Structure formats: structure tokens, C-alpha cells
1. What are the residues in region 64-94 that are modelled with pLDDT of 75 or more and surrounded by 10 or more Cβ atoms within 10 Å (Cβ to Cβ), if any?
2. Go through (1) outside any strand (DSSP E or B); (2) small (Gly, Ala, Ser); (3) closer than 26 Å to GLN101 by Cβ one by one and return the number of the condition GLY150 breaks.
3. Which residue is farthest from ASP200 (Cα to Cα), if the candidates are limited to region 115-150 and must be among the polar types (S, T, N, Q) and open to solvent by less than 60 Å² (accessible area, probe 1.4 Å)?
4. When residues of region 86-122 are filtered for being hydrophobic (A, V, I, L, M, F, W, C), under 11 Å from ILE148 (Cα atoms) and touching a Lys or Arg at 6+ places or on another chain (Cβ under 9 Å), how many remain?
5. Evaluate the following for GLU99: is it of a type in the set (D, E, K, R), within 17 Å of GLY214 (Cβ to Cβ) and either in contact (Cβ under 8 Å) with a residue 24 or more places away in the chain or open to solvent by less than 70 Å² (accessible area, probe 1.4 Å) (or both)?
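The values are calculated or read from the model by the stated rules, or taken from the named source; none is laboratory data. The structure presented is a predicted model; accordingly, all values stated were derived computationally and were not measured. Heads up, the Cβs are rebuilt from the backbone with ideal geometry, glycines too, and the neighbour counts pull from every protein chain shown. Note: accessible area is taken over every heavy atom of the protein model, side chains too, but ligands, DNA and RNA are not part of it. Shrake-Rupley method; radii C 1.70, N 1.55, O 1.52, S 1.80 Å.
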Amino acid sequence: MATFRCVQLLVLAVTAAAQSTQFLQELSNTLLLNQLAISNVLAERDSGVRVIRQWLDELQSNITSECRRTRGQEELDSRRALECVRPFTVVHDHCIMVESQRTGNWEDMKKFCQQQGGKMVKVDTDNFMYHLVRFLHDNGLNVKNYWIGGSDEGNEGVYFWNDGTRVKMGTPFWGDGLNDHNQEPDGGANQNCIGMLKADHYFFFDLPCHESNGVICEQM
């Protein structure tokens, strides 16, 4: 009887072990299936990210190309509309002449511009100033200071362009003093004419009107 009881216990143990093994196998299979499902989800996500990135890259490329085409067309239209006469050339919707060979005081160079059929340039927007300075650098004209058409003669401290309009003050037009770093203009009654100064990236400086500088003229 005791032997039979032992056999029964052994059978029960084997059966339990078999069931446990089957459970573990089923659990393992479930985990593998879940892992596969997660891998598929991640793969689909990565694929979607790649598609989005590719689309964004193509969009950026198209926008850049369109901007370049539009800018080029605008420059072409500007040249056609302005009809600059030699020696003037188009610089951001202005007909400009930069005189770097001949120099003189502010009054002499004002007369020089008039003799060329122009006037001293009026630089009253930051966009025009940017394109004008870039033109100087791109064409090897960043070699000296240049007179432009503004002064405070007769109106100490209040600057006017030659057409009677007020010169804008402060950034981004006026530079900082080379020695004291004070915002220009700061020369007082001895410095009344505006020049674009080579030593400070062609920002405005009030200079003595008798100095000898080049000039930037604009077609009338």
C-alpha cells in the first residue's frame, strides 16, 4: 500500500512538472510574440520618422530654391526698373556710384556727385545699408572712408540729409567710438559731416568736414 502511495505521489509530481514546463513554454512564446509585435511597432515608427524627415528636407530644399529664384528675379526686375546710367549701378533699388580713387572734403565731394548727375547718397534703411556695405566688400571698394549726404551744419547735434529729412540716430546706423566706445555722433561742433568709416565696418561717424575721403553718390 505504501509503495502504491509513493507511485501516486511520483505521478502527481511528474504531472505538475509537465504542466509547469508547458506554462513556462507558453509564457516564453507569449513574450516572444510581444517582443516581435513591439519590434514591428518600432520599425513602423522609425520608418514614419524617416519619411517625415525626408519630406521636411525636400520642403526645405524647395523653399530655399524658391527664395533664391525669387531674390534673383527681384534683382533682375530692380535693374530693369531703375535703368541706372553709367557709372551708376544697382544696389538694392538704388543707383549707386562709389568713388574710391578721387578724394576731397565733404563740400568738394558733394559737388563731384552733382557733376556726375547725382547727389551724395542717403542711407536711411538698414536693408539698404547692409547691401551697400556688402557691395563695397564684394567689389574691393572697402579701402577707405566715404562721405555720404548728411550733416549737422547749422543745426548742431541734429543731423539732416541733403533733401532735408532727419538722419536716424542710434543702432544700426551709427558706430561706437573707436577709442571710447561711445555711441556716435560724439564729435561736437568740430565734426559735422557724416562719413561711413572703414575702421568700424562702415557704420556712420561724424567727421571733420575738411577731411579728405571718397564719396558714395546716388543717381538723381
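1. Result: LEU82, GLU83, CYS84, VAL85, PRO87, PHE88, THR89, VAL90, VAL91, HIS92, ASP93, HIS94.
2. All conditions are met except number (1).
3. Ranking the candidates gives THR125 first.
4. 3
5. yes
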